[in-house]
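Taking it in order: structure first as structure tokens, then the write-up.
The values are calculated or read from the model by the stated rules, or taken from the named source; none is laboratory data. Just so we're clear, the structure is a prediction, and the values are computed from it rather than from any experiment. Note that each Cβ is placed from the backbone with ideal geometry, even for glycine, and that neighbours are counted across all protein chains shown. Side chains included, ligands, DNA and RNA excluded: accessible areas come from the protein's heavy atoms. Shrake-Rupley method; radii C 1.70, N 1.55, O 1.52, S 1.80 Å.
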Amino acid sequence: TAIARAMAVCDDKDNTMISHVTRLELSALWRLALPLVVGQVMLFGTTVVATLLAGHLDSLVLGSVAIGSSLWSLPLMGLQGIMFSVPASVSHLCGAGRRGEVGALFRQALFMSASLGILVLVVLRFGADLFVPWMRLQPDIAIEVVAFLHAIALGAPALALFMVCRGLSDGLLHTKPAMWFGLLGLLLQGLFGYLLMFGPFGLPRLGAAGSGYATALETWIGAICFLTYVARGRGYRGIGWGRGPKSPHWRAIRYLLGLGLPMGLNVMLESSLFSFAAIAIGQFGATQISAHQIALSVAGLSFMVPLGMAGAITVRVGHAMGRADLAGARRAGLIGICLALATQTIAMVVILAFPWTIASLFSPDSGVQAATVSLLALAGLFQLSDGMQVAANGALRGMKDTRWPLLITLLAYWGVGMPIGMVLAFPGGWEARGMWVGLLMGLTVAAGLLTWRFRWRTLAAMQHGVTLVT
């Protein structure tokens, strides 16, 4: 509201007023993004905790959790990407003054999430025995990876439920609940992970499988608590809980899927790039895959900052698009991209300055530490590209622009990043470092093209007076 008032009296030649509006947007974006950032850090923190626990068991368990987590990240990120359709749609409705229609949309999103969660559960439970042997891993690692996937698959329906509740909250500008429930999940992951992986107090020592069961259990607890909060929370009143059909409505679900599937595929393309890299690096032995998992955990943890900010950018752009404010949508997106670059610059400096300290936190093995340090140098460098591409993607999601970003990421990750990585890793003899150079190149290309897409689309729309509201 303050931004709208400021723009109403803003002269294009008044640089002071324009600067004031920019500061207002930056402040609004940061207030919205901070809880989302903390929530994303907490959510990913469960993977980091699992890696830390596995690293203090042995390299076999750490390598197994590394590969299993990489495979699990595909459906995890796919579900998260599809559920991005919820905050994008909710923010558009709220920006257009149609808050009373949100409840009916959320009910259909629940039906969609339940179906997708059960589908992932079935595929992982029955598919792990088929595709893990195809990966040609060392036999002892393969057994542990299958056990991990069987266990963690039980949490897939809960993960989908958690994501749709978070999407509703984010779209309504209630971003703190995701942060608090993410903190709850992190604490439970540490507790359950220790009990089930190490087997104290006479409990069975389940190793990698225990890590999977711990994740599934904490996800179910968090999802049930979040749904209860949404159903009873004061901030969710007036969204039309009683409106719309009470049973699955195919037209509404098809709309959400039509918007969400390109987003899910987009996110999965990046996730699959890292997953395939883990599979390829797994052929170089437990030390290399352990180093890859540690470096990936560090890079992934810092990535949660721009990922959380991308959610806020989606909502800010979506609200502006809902009220047909193209200039406001462009401003929110570009400021968000710049803010993501600023935060990732800090992450890059920290990773490059303290690689040995970071590596020693995850593993006492000197060989694993040395291999990790060589990868952290590359992980630090791609912080800028990773932050920029996810922020630009968030801005495009706020405009409901999903198909071109999908094609861009397909080109960048699988047309550029993976071929370069494979050539450097195998014929080039760079092994894990070669794959990470490929990751860096793919992310850099994606960052440049996605940012260009957002700038071009908003500028063209403003010049031709197109609202782009769908």
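For residue 204, the conditions (1) assigned to a helix (DSSP H, G or I); (2) open to solvent by 20 Å² or more (accessible area, probe 1.4 Å) are fulfilled apart from (1). Each residue in region 238-284 was checked for being open to solvent by 30 Å² or more (accessible area, probe 1.4 Å), over 30 Å from residue 359 (Cβ atoms) and polar (S, T, N, Q), and 1 pass.
Could you please find all residues in region 39-56 being over 29 Å from residue 177 (Cα atoms) and open to solvent by less than 30 Å² (accessible area, probe 1.4 Å)? Scanning region 39-56 gives 54, 55. Which residue is nearest to the chain's Cα centre (by Cα), if the candidates are limited to region 232-289 and must be basic (Lys, Arg) and assigned to a loop (DSSP other than H, G, I, E, B)? Of everything passing the filter in region 232-289, 237 is nearest to the chain's Cα centre (by Cα). Restricting 341, 301, 307 to those that are over 18 Å from residue 39 (Cα atoms), assigned to a helix (DSSP H, G or I) and within 21 Å of the chain's Cα centre (by Cα) reduces the list to 341.
Filter region 344-370 down to the residues that are in a helix (DSSP H, G or I), open to solvent by 20 Å² or more (accessible area, probe 1.4 Å) and closer than 20 Å to residue 286 by Cβ and list them by number. Answer for region 344-370, where residues must be in a helix (DSSP H, G or I), open to solvent by 20 Å² or more (accessible area, probe 1.4 Å) and closer than 20 Å to residue 286 by Cβ: 358, 360, 361, 366, 367, 369, 370.
Can you find, within region 91-101, the residue that is surrounded by the most Cβ atoms within 10 Å (Cβ to Cβ) among those that are part of a helix (DSSP H, G or I) and in contact with a Lys or Arg (Cβ under 9 Å, 6 or more places away or on another chain)?
91
Confirm whether residue 119 is open to solvent by 40 Å² or more (accessible area, probe 1.4 Å) and either under 21 Å from residue 224 (Cβ atoms) or basic (Lys, Arg) (or both).
yes
Conditions (1) hydrophobic (A, V, I, L, M, F, W, C); (2) buried (at least 21 other Cβ atoms within 10 Å of the Cβ), marked per residue:
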position	(1), (2)
286	yes, yes
292	no, yes
299	yes, yes
320	yes, yes
324	yes, no
329	yes, yes
332	yes, yes
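Hey, does region 14-24 have a residue that's in contact with a helix residue (DSSP H, G or I) (Cβ under 6 Å, 6 or more places away or on another chain), open to solvent by less than 10 Å² (accessible area, probe 1.4 Å), assigned to a helix (DSSP H, G or I) and at pLDDT below 80? For region 14-24, residues in contact with a helix residue (DSSP H, G or I) (Cβ under 6 Å, 6 or more places away or on another chain), open to solvent by less than 10 Å² (accessible area, probe 1.4 Å), assigned to a helix (DSSP H, G or I) and at pLDDT below 80: present.
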